[in-house]
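Values quoted throughout were computed directly from the atomic coordinates according to the rules given, and no laboratory measurement underlies them. In this text the structure is predicted, and so the values were computed from the model without any measurement. Note that we place each Cβ from the backbone using ideal geometry, even for glycine, and neighbour counts take in every protein chain shown.
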C-alpha cells in the first residue's frame with residue numbers, strides 16, 4: 001500500500017513540475033529569413049541552407065518558437081535554365097529547428113511560400129521553385145538586333161545606292177545575331193538571396209515540455225554560439241549551424 005502511494009505521489013510531483021506539453025501542429029506555417037544565399041548557378045544537391053524564424057509561433061498562449069530560432073535545410077535538387085528551353089528549378093527541404101536555448105527538433109518540412117516581391121514561381125504541392133520565363137527578354141533581344149542591323153544596312157545601302165535592300169539584309173543579319181545570342185545564353189537562375197523571406201510548413205507535430213521553453217539564458221547562449229561557431233556541427237561545405245541535435249521527436253538536455 002505504501003508502495004502504491006509513493007508511486008502516485010511521485011507521478012503527481014512530475015506532473016506538477018512539467019505539465020502537459022505544448023503542441024505545434026503539423027501544417028503550421030513558420031516564416032523564415034535566409035541567412036545565406038542560394039542560386040541554381042552554383043547550388044548542388046546536398047548543399048545546406050541556413051535560416052532564422054522571423055515571427056513567434058505560439059501554443060496555448062505561450063511562445064514556443066521565438067524569433068531568431070535557427071532552421072537548417074538541404075537542397076535536394078538544383079537545375080539551371082536551358083539555353084533553348086527549360087526553366088531553372090530548385091527543390092528545398094527543411095530538416096531541423098534549433099530554439100535559442102539549444103533545444104532541437106528534426107523533421108522534413110517543405111516550402112509553403114516565397115517572398116512576394118520575387119518573380120519566381122512556387123509549386124506548393126512539390127515544393128519546387130521555378131525561375132521566371134525569359135521569352136519576353138529573348139524576343140526583345142532578337143528585335144533589338146534586327147533594328148540595329150536594319151539601321152546599319154540603310155547606311156551601307158545608301159552608299160551603294162540600294163537603301164531598301166541594305167535595310168532588309170541588315171535586319172536579317174541583326175536578327176540572326178540576336179538569335180545566336182539568345183541560344184548561347186542560359187535562362188534566369190533561381191536566386192534566394194540573404195534576407196529573402198521563405199515560409200516553412202511543418203510536416204508533423206512538434207511537442208515541447210515546459211522545461212524546454214526557458215529562454216532566460218537564450219541571449220547569452222546566442223552570443224556564445226556566434227562567438228564560437230565551432231560549437232555547432234559542420235556541414236558538407238564547411239558552414240556551421242549552431243545548436244545541439246536531439247533524436248527525432250526527442251529532447252535536448
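Please give the contour-minus-distance gain from residue 41 to residue 210: 0.36 nm per residue of separation, less the Cα-Cα distance, rounded to one decimal in nm.
Stretched out fully, the residue 41 to residue 210 stretch lengthens by 56.4 nm.
How do 34-40, 118-124, 62-68 rank on mean C-beta neighbours within 10 Å, highest first? Could you put the intermediate results ahead of the total?
Numbers: 34-40: 18.4, 118-124: 15.0, 62-68: 16.7.
Highest to lowest by the protection proxy: 34-40, 62-68, 118-124.
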